[in-house]
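*Asks:* For reference, the structure I am asking about is given below.
The values are calculated or read from the model by the stated rules, or taken from the named source; none is laboratory data. What you are looking at is a predicted structure, and each value in this text was computed from that prediction instead of being measured. All Cβ positions, even for glycine, are placed from backbone atoms using ideal geometry, and neighbour counts span all protein chains on display.
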Amino acid sequence: MQITFLGHCGFAVDTGPHILLFDYCPRRLKPRAEALLPGLLAGRRPLVFVSHGHGDHYSPDIWDLPAARYYLGAGTPAKQDAIVLSGGEILEFPDFRLRTFPSTDEGVAFLVEIDGQTIYHAGDLNWWYWPGEPDPWNPDMERAFRLQADRITQIPIDLAFLTADPRQHEGWLWGLDYLMRRGKIRHAVPMHFWNQKSTPAKVAEADCTTPYREKLITSLCACGDRAELESGGTL
């Protein structure tokens, strides 16, 4: 299974039989990302997942992809035969199984079971913490996150894309840490760090990640960076 970073929260995951695109929205990295796509998608029918319609997760460029199948969180601009999801769905397709979780912001998080792998993309489902928010905003956010996270932690996951947003100050790893300590995640990739290339290394250096540091894939820092996972989740 090959993972290609396409900027911010965007990833291509190649399982061999399938290629999946999550939250493709390269913005300032667009020339680099567009140069990668022909090689990634040549002769393929991509599965395109968009967690929600925010401008850092959704790009209308997805509609130009050849022969794609689309799975969108509610509120995402939809065209063609896209399937729109609001969270809480479990859908069975001939070649994969899809489960969604309501976001703590907008749209959904995706759990995809495909080709013997289970892949989780958080979208904006995260323990968002913003200093200065009036009560009870931050406590309510914690409760909303834990409600969904406690469901996710019951599921064995081979690869998870999890939020590590430096804008959250002391809370920037709370969501990632909660899932990694309680969940059954073999490997996790930090995302949502606004293309600050030093962030993945800072995740690995954080004191809280010590118990699961060997599970973190922190080499995906710049658009086009790639990592390979063997079957069974081995790097």
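*Asks:* Just the residues that are part of a loop (DSSP other than H, G, I, E, B) and closer than 11 Å to Leu21 by Cα, please, taken from segment 52-65.
*Replies:* Selection gives Leu65 alone.
*Asks:* Related question: Given (1) in contact with a helix residue (DSSP H, G or I) (Cβ under 7 Å, 6 or more places away or on another chain); (2) part of a loop (DSSP other than H, G, I, E, B), identify the lone condition not met by Ile185.
*Replies:* Failing condition for Ile185: (2).
*Asks:* Take the residues in segment 157-201 that are among the aliphatic types (A, V, I, L, M) and more than 12 Å from the chain's Cα centre (by Cα); name whichever of them is surrounded by the fewest Cβ atoms within 10 Å (Cβ to Cβ).
*Replies:* By that ranking, first place goes to Ala201.
Residue by residue, here is whether (1) in a helix (DSSP H, G or I); (2) in contact with a Gly (Cβ under 8 Å, 6 or more places away or on another chain); (3) over 18 Å from Gly7 (Cα atoms); (4) hydroxyl-bearing (Ser, Thr, Tyr) holds:
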{"position": "Gln168", "(1), (2), (3), (4)": "yes, no, yes, no"}
{"position": "Gly175", "(1), (2), (3), (4)": "yes, no, yes, no"}
{"position": "Asn195", "(1), (2), (3), (4)": "no, yes, no, no"}
{"position": "Thr218", "(1), (2), (3), (4)": "no, no, no, yes"}
{"position": "Cys221", "(1), (2), (3), (4)": "no, no, no, no"}
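*Asks:* Across segment 6-20, what is the total count of residues that are within 14 Å of Ile62 (Cα to Cα) and small (Gly, Ala, Ser)?
*Replies:* Residues that pass the stated criteria total 2.
*Asks:* Another question, then. Condition test on Leu6, is it crowded, with 16+ Cβ neighbours inside 10 Å, in contact (Cβ under 8 Å) with a residue 60 or more places away in the chain, touching a helix residue (DSSP H, G or I) at 6+ places or on another chain (Cβ under 8 Å) and within 14 Å of Cys223 (Cβ to Cβ)?
*Replies:* It is true that Leu6 is crowded, with 16+ Cβ neighbours inside 10 Å, in contact (Cβ under 8 Å) with a residue 60 or more places away in the chain, touching a helix residue (DSSP H, G or I) at 6+ places or on another chain (Cβ under 8 Å) and within 14 Å of Cys223 (Cβ to Cβ).
*Asks:* Then there's this: Name the one entry in Leu98, Leu91 that is within 17 Å of the chain's Cα centre (by Cα) and either closer than 28 Å to Met141 by Cβ or modelled with pLDDT of 95 or more (or both).
*Replies:* Matching residue, one of Leu98, Leu91: Leu98.
*Asks:* Kindly evaluate Ala12 against the criterion of being among the aliphatic types (A, V, I, L, M), within 20 Å of Val189 (Cα to Cα), at pLDDT 95 or above and touching an Asp or Glu at 6+ places or on another chain (Cβ under 9 Å).
*Replies:* No, not satisfied.
*Asks:* How many residues are assigned to a strand (DSSP E or B) and not hydrophobic (A, V, I, L, M, F, W, C) when one looks only at segment 66-100?
*Replies:* Adding up the residues that qualify gives 8.
*Asks:* If you check Phe145 against the conditions, is it crowded, with 21+ Cβ neighbours inside 10 Å, of a type outside the set (Val, Ile, Thr) and not in a helix (DSSP H, G or I)?
*Replies:* Taking the combined requirement at face value, the residue does not satisfy it.
*Asks:* When the residues of segment 202-224 are filtered to those that are crowded, with 16+ Cβ neighbours inside 10 Å and in contact (Cβ under 8 Å) with a residue 40 or more places away in the chain, which remaining residue is nearest to His57 (Cα to Cα)?
*Replies:* Of everything passing the filter in segment 202-224, Cys223 is nearest to His57 (Cα to Cα).
*Asks:* Mind listing whichever residues of segment 22-43 are part of a loop (DSSP other than H, G, I, E, B) and buried (at least 16 other Cβ atoms within 10 Å of the Cβ)?
*Replies:* Listed by number, the residues that qualify are Asp23, Tyr24, Cys25, Pro26.
*Asks:* Collect the residues in segment 109-137 that are within 17 Å of Gly175 (Cα to Cα) and either assigned to a loop (DSSP other than H, G, I, E, B) or without any contact (Cβ under 8 Å) to a residue 24 or more places away in the chain (or both), keeping them in residue-number order.
*Replies:* Ala122, Gly123, Asp124, Leu125, Asn126, Trp127, Trp128, Tyr129, Trp130, Pro131, Trp137
*Asks:* Collect the residues in segment 118-142 that are loosely packed, with under 13 Cβ neighbours inside 10 Å and closer than 26 Å to Phe11 by Cβ, keeping them in residue-number order.
*Replies:* Once the filter is applied, which keeps residues that are loosely packed, with under 13 Cβ neighbours inside 10 Å and closer than 26 Å to Phe11 by Cβ, segment 118-142 yields only Trp130.
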